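J.: Submitted below is the structure of interest, expressed as structure tokens.
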């Protein structure tokens, strides 16, 4: 039997899921993204006249996680306990990892994904003058814990 999508009512109209009967539990989610860029852009990161692109992107990701309910129509506003955005400069770009936690009636997967996406977009914004061909790739949920559906871990490819 196929799973039913919870954000639609029986008539097929979009709706916000009612979580008022759920018990708040600890929930965590981790997401990632990758910004592919040429070595010339990576080398120029420390000299960026706009400031440190990775620090600006880290702050943008934290701020974005806190505003997810304003961006995604059916998301609940959640009291976030912690948001962490980490970036690593790699041989061919920047790897972004986000971790979000809460104690609430619903999960924080969207907050972690929004943080990863906005961090990646901010890196693009801060470096686009050097190369418009920079690519944002692989915005994915890596893991989540808590809630009715339990634990999820992305399978390694």
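The values are calculated or read from the model by the stated rules, or taken from the named source; none is laboratory data. Note that this is a predicted model, so its numbers are computed, not measured. Glycine also receives a Cβ, built like all others from the backbone with ideal geometry; neighbour counts cover every protein chain displayed.
J.: Filtering the range 65-89 down to residues that are farther than 18 Å from residue 27 by Cβ and in a helix (DSSP H, G or I), which residue is nearest to the chain's Cα centre (by Cα)?
T.: Of everything passing the filter in the range 65-89, 71 is nearest to the chain's Cα centre (by Cα).
J.: Let me ask something additional. Within the group 101, 32, 21, which residue is outside any helix (DSSP H, G or I), more than 30 Å from residue 130 (Cα to Cα) and modelled with pLDDT of 95 or more?
T.: Among 101, 32, 21, only 101 is outside any helix (DSSP H, G or I), more than 30 Å from residue 130 (Cα to Cα) and modelled with pLDDT of 95 or more.
J.: Sticking with this one: Restricting the first residue to the range 108-120 and requiring it to be within 15 Å of residue 144 (Cα to Cα), which pairs with a second residue that is at pLDDT 95 or above and in a loop (DSSP other than H, G, I, E, B) meet a Cβ separation below 6 Å and a spacing of at least six or different chains?
T.: Correct list of pairs: empty, since none qualify.
J.: Further question on the same structure: Take residue 135 and tell me if it is out of contact with any helix residue (DSSP H, G or I) (no Cβ under 6 Å at 6 or more places or on another chain), closer than 21 Å to residue 42 by Cβ and surrounded by fewer than 19 Cβ atoms within 10 Å (Cβ to Cβ).
T.: yes
J.: Further question: Would you confirm whether or not the range 41-60 contains a residue that is touching a strand residue (DSSP E or B) at 6+ places or on another chain (Cβ under 7 Å), assigned to a strand (DSSP E or B) and either closer than 20 Å to residue 138 by Cα or modelled with pLDDT of 95 or more (or both)?
T.: no
J.: Which one of the conditions (1) free of Cβ contacts under 8 Å to residues at least 60 places away in the same chain; (2) buried (at least 16 other Cβ atoms within 10 Å of the Cβ); (3) over 13 Å from residue 94 (Cβ atoms) does residue 21 fail to meet, given that it meets all the rest?
T.: (2) is the only condition that residue 21 fails.
J.: Scan the range 64-87 and tell me whether some residue there is surrounded by fewer than 21 Cβ atoms within 10 Å (Cβ to Cβ), under 24 Å from residue 135 (Cβ atoms) and out of contact with any helix residue (DSSP H, G or I) (no Cβ under 9 Å at 6 or more places or on another chain).
T.: no
J.: Looking only at residues in the range 5-18 that are within 15 Å of residue 106 (Cβ to Cβ) and either modelled with pLDDT of 70 or more or in contact with a helix residue (DSSP H, G or I) (Cβ under 8 Å, 6 or more places away or on another chain) (or both), which one is surrounded by the fewest Cβ atoms within 10 Å (Cβ to Cβ)?
T.: 18
J.: Also, I was wondering about something else. Before we move on, is residue 110 crowded, with 18+ Cβ neighbours inside 10 Å, touching a helix residue (DSSP H, G or I) at 6+ places or on another chain (Cβ under 6 Å), under 23 Å from residue 18 (Cβ atoms) and modelled with pLDDT of 95 or more?
T.: Numbers: crowded, with 18+ Cβ neighbours inside 10 Å: yes; touching a helix residue (DSSP H, G or I) at 6+ places or on another chain (Cβ under 6 Å): yes; under 23 Å from residue 18 (Cβ atoms): yes; modelled with pLDDT of 95 or more: yes.
Here the answer is yes, as residue 110 does meet what is asked.
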